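The values are calculated or read from the model by the stated rules, or taken from the named source; none is laboratory data. Keep in mind that what you see is a predicted model, and the values were worked out from it rather than measured. Here the Cβ is made from the backbone with ideal geometry for all residues, glycine too, and neighbour counts use every protein chain on show.
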Amino acid sequence: DYDGIMSEDVMDKIPIKQMNDYAISKWVNELQIMNSAAMYGTETVRVRLFNVYGPGEHYTPYRGWIPTFIYKALRDEPYVVYLGHKRTLEYIDDVVRALANIVDNFKPGEVYNLGGDELYDIKYVSDMILKLLGKDDSKVIYKEAEPFTTRIKRPDSSKAKRDLGFKITVPLEEGLRRTIEWFKKVYGFEGEAREL
């Protein structure tokens, strides 16, 4: 695990003993891809996604924190926000465009990070979701940063910008509004997200 900027060569620099289970699972997946390329000549491109959100991601207790926050807030159920955690956020449409561009710009063996430039405090995102829903934070449980996780996660996406035209075009507020509208429709809640 790391705090700060994640470069494409992170697997060469960070010892595996410093990682949490989630990070180890991603590491192993990349090793499998590299092994396939070395053993069988499989032409691959490794792409790392960072906190992609948007319509289509259903709530489960084992998935992303944005769907959890929205789902729990809609149902007036408590949820945990870890203080001091910061992440980049990428709306699904922006990520899909970059992934589609790999086909036209395929470079075997390349590694791309698809993450935005702006860091968002997770509490700030929770507060924005609650405001869009017209709710307060009375159901939010605030806790100090989790042990064995990355407090600040910021990828270096310069290669993806250069090679794939990756850029964030959907602002956070608009992306959250679209995601909330999708959740309301799918889970049977009435009303539209509010303006901030």
I need the full set of residues from the range 56-71 which are buried (at least 17 other Cβ atoms within 10 Å of the Cβ) and not in a helix (DSSP H, G or I), in order please. Glu57, Tyr59
Unmet criterion (only one of (1) in contact with a strand residue (DSSP E or B) (Cβ under 8 Å, 6 or more places away or on another chain); (2) in contact (Cβ under 8 Å) with a residue 40 or more places away in the chain; (3) closer than 24 Å to Tyr59 by Cβ) for Arg154: (3)
Which pairs do you get when a residue that is free of Cβ contacts under 8 Å to residues at least 24 places away in the same chain, found in the range 83-102, comes within reach of a residue that is hydrophobic (A, V, I, L, M, F, W, C) and assigned to a helix (DSSP H, G or I), reach meaning Cβ atoms under 9 angstrom, with the pair 6+ apart or on two chains? Ala100/Leu164
Quick one: which of Lys159, Lys143, Lys107, Lys184 is over 18 Å from Gly56 (Cα atoms) and either within 16 Å of the chain's Cα centre (by Cα) or surrounded by 14 or more Cβ atoms within 10 Å (Cβ to Cβ) (or both)? Lys159
Between residues in the range 37-50 that are surrounded by fewer than 16 Cβ atoms within 10 Å (Cβ to Cβ) and residues that are among the aromatic types (Phe, Trp, Tyr), which pairs lie under 8 Å by C-beta distance while being six or more apart or on different chains? Glu43/Phe106
Between residues in the range 60-80 that are farther than 14 Å from Leu133 by Cα and modelled with pLDDT under 95 and residues that are hydroxyl-bearing (Ser, Thr, Tyr) and outside any loop (DSSP other than H, G, I, E, B), which pairs lie under 8 Å by C-beta distance while being six or more apart or on different chains? Pro61/Thr68; Gly64/Tyr53
Please go through the range 92-149 and give me each residue that is of a type in the set (D, E, K, R), in contact with a Leu (Cβ under 9 Å, 6 or more places away or on another chain), assigned to a helix (DSSP H, G or I) and closer than 18 Å to Thr169 by Cα, ordered by number. Asp94, Arg97
